[in-house]
Amino acid sequence: MKKRMLFWVVIVMTTMLVACSTVHDSKQGGAPVSEGTQGVETSGVGSDEDFADVGGRKSATLKVENQTYYFAFDRSDVYPDDKESIAVQAHYLISHPTARVRLEGHTDPRGSREYNIALGERRAKGVLALLKLEGVSSEQIRTVSYGAEKLALPGHTEEDYELDRRVNLVYEAK
């Protein structure tokens, strides 16, 4: 019951985040990007004033903080709905060259250990590619794959597996 509730809370929060944001095409292939990030709340990395010049407009719904991006079964392509959040993180990283993130790739427990490590790495590199496409320096990003070693939930239902298939974007302490 708690797992299902957590799943729906994540879905509702993601839907609210996407529904309240504005998207426009970027110059690099039409990937969605944020129109502004002035006044964005942070999770202890930088300050609102440091981030005020990126984009030029306020956005109170997208936050610069640790994020989790979910994936379909046996897939490593990023959902289109997650690209705006990745763009917000990218703009923050570009404006704060000393900031660092770790991309942690995860899988559900199905499949061999070797396969899951490789799939988790492909997922982390998918998010990495989008950050680099936005202009983030490779030196600011570290990737790691845990495969199925650090499950979000220990259960064996499809709802559990959906939460296991993820990349965590984690801001590292300076």
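Just so it is clear, none of the values below were taken in a lab; they were calculated from the coordinates. As the structure is a computational prediction, the values presented were derived from the model and not from experiment. Glycine also receives a Cβ, built like all others from the backbone with ideal geometry; neighbour counts cover every protein chain displayed.
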Subject >> Boolean, I141 is touching a residue at least 40 places away in the same chain (Cβ under 8 Å) and aliphatic (A, V, I, L, M) >> reply: yes
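This table checks each residue for (1) loosely packed, with under 15 Cβ neighbours inside 10 Å; (2) over 14 Å from the mean Cα position of the chain (by Cα); (3) in contact (Cβ under 8 Å) with a residue 12 or more places away in the chain; (4) more than 15 Å from F73 (Cα to Cα).
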| site | (1), (2), (3), (4) |
| --- | --- |
| V127 | no, no, yes, yes |
| G135 | yes, yes, yes, yes |
| S145 | no, yes, yes, yes |
| P154 | yes, yes, no, yes |
| E158 | yes, yes, no, no |
| E162 | no, yes, yes, no |
| R165 | no, no, yes, no |
| L169 | no, no, yes, yes |
| K174 | yes, yes, yes, yes |
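Hey, does segment 111-118 have a residue that's in contact with a helix residue (DSSP H, G or I) (Cβ under 9 Å, 6 or more places away or on another chain) and surrounded by fewer than 21 Cβ atoms within 10 Å (Cβ to Cβ)?
yes
Could you tell me whether T107 is of a type in the set (S, T, Y) and under 21 Å from P80 (Cα atoms)? Outline the logic, then answer.
Numbers: of a type in the set (S, T, Y): yes; under 21 Å from P80 (Cα atoms): yes.
The answer is yes for T107.
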**OP:** Could you list, in sequence order, all residues of segment 63-105 that are among the hydroxyl-bearing types (S, T, Y) and crowded, with 20+ Cβ neighbours inside 10 Å?
**Re:** Y69, Y70, S76, S85, Y92
Subject >> strands (runs of 3 or more DSSP E) within segment 60-174 that include 2 or more residues in contact with a strand residue (DSSP E or B) (Cβ under 7 Å, 6 or more places away or on another chain) and of a type in the set (K, R) >> reply: none
